[in-house]
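Data first, discussion second: the structure below is written as structure tokens.
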């Protein structure tokens, strides 16, 4: 079998197809998981304190330093109040699902093939004719050596690598939150509207 044939026998198209199908299935499972997480975050509620008000007021104290003298020391007091907890979905609270995307895929195939063939043949022939004043003698010898060696080795390895990165969720999946603050109406001002 030739080295070129060995390289052609590597199932590269099947490897590419299997990797592509595995990435498609993995991406579908990741998207499904993120959408399920978004549903859970939209349904799950938590009570949040929307505002904490801190009012800092000056405070004066007269301190007796002895000898009938007093020193006025300035300070401050902080009065803190908060609004009652209000129910918010976890999406409204700012928790969003994470989406992932396969951004790069690499297939690497390494193959090392070596063949070795050696052939040795040796032929030795000889003849001897002897005449001794009488009968004739004839002798012949033949030496034949043959050696044939064949070796074959093949090594291969493959590497499949993919890169997975977080991506922002689809814009339509995240709800637009509109907040209307009616507190300014208590001071005769129009309410404020913010979107996020």
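The numbered conditions (1) free of Cβ contacts under 8 Å to residues at least 24 places away in the same chain; (2) assigned to a loop (DSSP other than H, G, I, E, B) are all true for residue 65 except (2). Search the stretch 148-177 for residues that are within 30 Å of residue 35 (Cβ to Cβ) and pair each with any residue that is assigned to a loop (DSSP other than H, G, I, E, B) and at pLDDT below 70 when their beta-carbon atoms are under 8 Å apart and the residues are at least 6 apart or on different chains. If the second residue must be assigned to a loop (DSSP other than H, G, I, E, B) and at pLDDT below 70, the pairs left are 176/196; 177/196.
Within the stretch 66-89, identify whether any single residue is in contact with a strand residue (DSSP E or B) (Cβ under 8 Å, 6 or more places away or on another chain) and surrounded by 14 or more Cβ atoms within 10 Å (Cβ to Cβ), and answer yes or no. Checked against the condition, which is being in contact with a strand residue (DSSP E or B) (Cβ under 8 Å, 6 or more places away or on another chain) and surrounded by 14 or more Cβ atoms within 10 Å (Cβ to Cβ), the stretch 66-89 yields at least one hit.
The values are calculated or read from the model by the stated rules, or taken from the named source; none is laboratory data. Source: prediction; values computed, not measured. As a convention, Cβ positions derive from the backbone with ideal geometry for all residues, glycine included, and neighbour counts pool all protein chains shown.
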